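The structure appears below as structure tokens.
The values are calculated or read from the model by the stated rules, or taken from the named source; none is laboratory data. Predicted, not measured: the structure shown is a model, and the values here were computed from it. Positions of Cβ are backbone-derived with ideal geometry, glycine not excepted, and every protein chain shown enters the neighbour counts. The protein model used for the area step is the full one, side chains on, heavy atoms only, and it has no ligands, DNA or RNA in it. Shrake-Rupley method; radii C 1.70, N 1.55, O 1.52, S 1.80 Å.
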Amino acid sequence: EYMGKTSLPFPMSGFKASTAQDLLKSGTKHLSGLEEAVFRNIEACKSLGAMTRTSFGPNGMNKMVVNHLGKLFVTSDSATILEQVEVQHPAAKMLVLAMQMQDQEVGDHTNFVLMLASELLSNADTLLRMGIHAADIVLGYEKAAAKAIEILETLALPHAVNFKDRASLASSIKTVLASKQYGQEDLLAALVAEACAMVMPANPKEFNVDNVRVAKILGSSTADSTVLKGMITTRRPEGIVQSLRNAKVVVYGCALESAKTETKGTVLLHNAEQLLNYSKNEEEMLEAVFRGIAESGAKCVVTGGKISDIALHFLDKYELMGVKILSKFDLRRLCRTIHARPLVNMDVPTPDDLGFCDYIATTEVGSNIVTVFRQELDETGVSTIVIRGASPNIMDDIERAVDDGINAVKALTKDERFVAGAGACELELAFRLNEWAEASPGVVQYALRKYAEAFEVIPRSLAENAGINATDAMSSLYAAHKAGTTSAGVDIEGGQVVDAAAAGILDLLVNKLWGIRFATEVATTVLRVDEIVMARPAGGPKPPKTGGARDEPEMAE
């Protein structure tokens, strides 16, 4: 009662209970709870994993992707696929970020991270529907990840690597290349090993992946790909001088032409004589620069811009070689190779600005003339892998495989340990983790078992993509591992069980280590989310339909 009355002094009909949606700005999307948020996130991540799962392993299928600029990509490399697809779902995007971190850390096993994370989330979906709380699943996954890394350390195989020996390097990275270019792994491993051995410093830990470059020249076949010591530009020199030995080099980041003022100005000329003198003065100033270059002892001029006709005349007059390198990144690499300092203006170089190169010459690759900058004695120089191919897409895919091979060499310089490949390592982890989970008390045991089960996705996918009955393959593998053959893996050619260590199918331990860490971290992060709040996209002018934006990056040919 209110002051002796049975009714309140104000009506309640106009009031209603406020929800989270009422608190947010109009147009904001709010999702919460298991059904709306958690299961939707897991479903998105499972779909992403299923998309790239068929691209896993040596028999992985290619995906054809056309990006927003109309460039075609035909590849089985999951990092490239998802980079061009532009995933929008927030949870799935977290998996892509984890995959990119793996790519930056070790340069390989990106699909491993994606598949393991999506499988962990798929197994978590089952546990959540059984009524187990997300906190218990996260705790179990984190404990299992720590145990998995502990077991992984014990699975390391003895395999010494001699970084100066090409055969030793090639055998160490063959498995990495086979997963990208199956059937050409011997050829590519030999190329990568030769290129890396050429520039391997006395201390392998100082090896720089940027010192191994890739040049793509259209034509012929992949079997005609070669390795050349030095840095290659796919242009021939300008002018009459085509080769030099023991030459000093000056590098300009600007074009070789008459200097232009940064401000606009007007020149008033009263007669033809003044016009003639004006042009003559420009020529004299430009000639003074080239005379100074010749007097400094430089024999080669490298520019990052165009070479004007009058500049070309003075190059020939003073017997200087002119080389155009239009990529600013390649220009920086050349400066590092020859120890030169790039100049931003057309000035006469000082002795400190000049670089030195043992040999500069043109050579013919196929029907193309290329320029080679070679340092004979410098171990920290540059080597170039010249890739040949019938189409740009083939060469791009081979370049991605070569990059993975070079990154594998870099990872080896940090950690030389190997584990058995062909899914053997993952199945042994699943086997041992399952035994450990059986002895663990509490509800967490369910999460530990599911974590162990997630590792089965790797050998299962290898078998499925090779056209082998996955159920039969898994039962044979489990029998072999139970019998004590810890390196038993999937034989993608014969369909039987193969001893991966004896067959030389080896994976880098450091790749597995980081892959397990990143996959577990992203899976537990997604499981901790129970609400999603998405604001309405900001408005603004629409991009032009034709012509494209002016600041879009220029596509590489």
Cross-link table LYS71/LYS264; LYS93/LYS482; LYS180/LYS205, entries beyond 29 Å C-alpha to C-alpha: LYS71/LYS264; LYS93/LYS482
Antiparallel %, DSSP beta bridges [both residues in the chain], to 5: 65 percent
Contour excess over end-to-end distance, with Cα ends at ALA479 and PHE356 and 0.36 nm allotted per residue: 38.0 nm
Simple label model, 7 Å out from Cα along Cβ direction - ALA167 to ASN62, nm: 3.4 nm
Sites ASN368 and VAL443 - FRET efficiency at Förster radius 60 Å, r taken between beta-carbons, to 0.05: 0.35
Longest DSSP-loop-exposure-free segment, trypsin sites (Lys or Arg not before Pro), the chain, at most 15 other Cβ within 10 Å: 307-527
Sparsely packed GluC sites (Glu not before Pro) within the stretch 212-316, loop by DSSP, other Cβ within 10 Å at most 12: GLU262
Relative contact order (percent, whole number), the chain, Cα cutoff 8 Å, 6+ residue spacing: 24 percent
Interchain or long-range residues, amide H under 5 Å from VAL214's placed H: ILE385
Distribution of pairwise C-alpha distances over the stretch 288-385, 10 Å bins, in %: 13, 47, 33, 6
Semi-axis lengths (Å, descending) of the ellipsoid that matches the C-alpha gyration tensor of the stretch 93-205: 37, 16, 13
Debye intensity ratio I(q)/I(0), log10, the stretch 451-531, q values 0.14 Å⁻¹ (C-alpha model): -0.57
q = 0.05, 0.06, 0.09 Å⁻¹: log10 I(q)/I(0) that the Debye formula gives for the chain, counting C-alpha atoms only: -0.32, -0.44, -0.82
Cα Rg, Dmax, the stretch 242-347, angstrom units: 15.5, 51
Under-5 Å amide H pairs with ASP530, H placed in peptide plane, nonlocal only: none
Derived scalar couplings ³J(HN,Hα) [the stretch 96-104; Karplus, 6.51 cos²θ - 1.76 cosθ + 1.60; whole Hz; x for Gly, Pro]: 5, 5, 5, 5, 5, 5, 4, 5, 6
Loop GluC sites (Glu not before Pro), the stretch 53-133 (other Cβ atoms within 10 Å of the site Cβ: 12 or fewer; DSSP): GLU86
Whole-percent pair-distance distribution, where bins are 5 Å wide, for the alpha carbons of the stretch 372-514: 2, 9, 13, 14, 15, 14, 12, 7, 5, 4, 3, 1, 0, 0
Two-site FRET efficiency, VAL74 against ASN281, from Cβ-Cβ distance with R₀ of 56 Å, rounded to 0.05: 0.50
Surface share of carbon and sulfur [accessible, 1.4 angstrom probe, percent] for the chain: 52 percent
Karplus 3J(HN,Hα) series, Hz, for the stretch 52-67 with 6.51 cos²θ - 1.76 cosθ + 1.60 (x for Gly, Pro): 9, 4, 6, 9, 7, x, x, 9, x, 7, 7, 10, 9, 10, 10, 7
Hull shadow area, averaged, the stretch 385-429 [alpha-carbon convex hull, nm²]: 4.6 nm²
Taking the stretch 295-338 and dividing mean pair separation by its residue count, relative contact order in percent (alpha carbons under 8 Å, at least six apart): 45 percent
Length released on extending from LYS414 to LEU268, taking residue separation times 0.36 nm less the Cα-Cα span: 45.9 nm
About the Cα centre, charge dipole magnitude for the chain (Lys/Arg +1, Asp/Glu -1 at Cβ), debye: 960 debye
Efficiency of FRET from Cβ geometry, ARG235 and ASP136, R₀ 56 Å, rounded to 0.05: 0.35
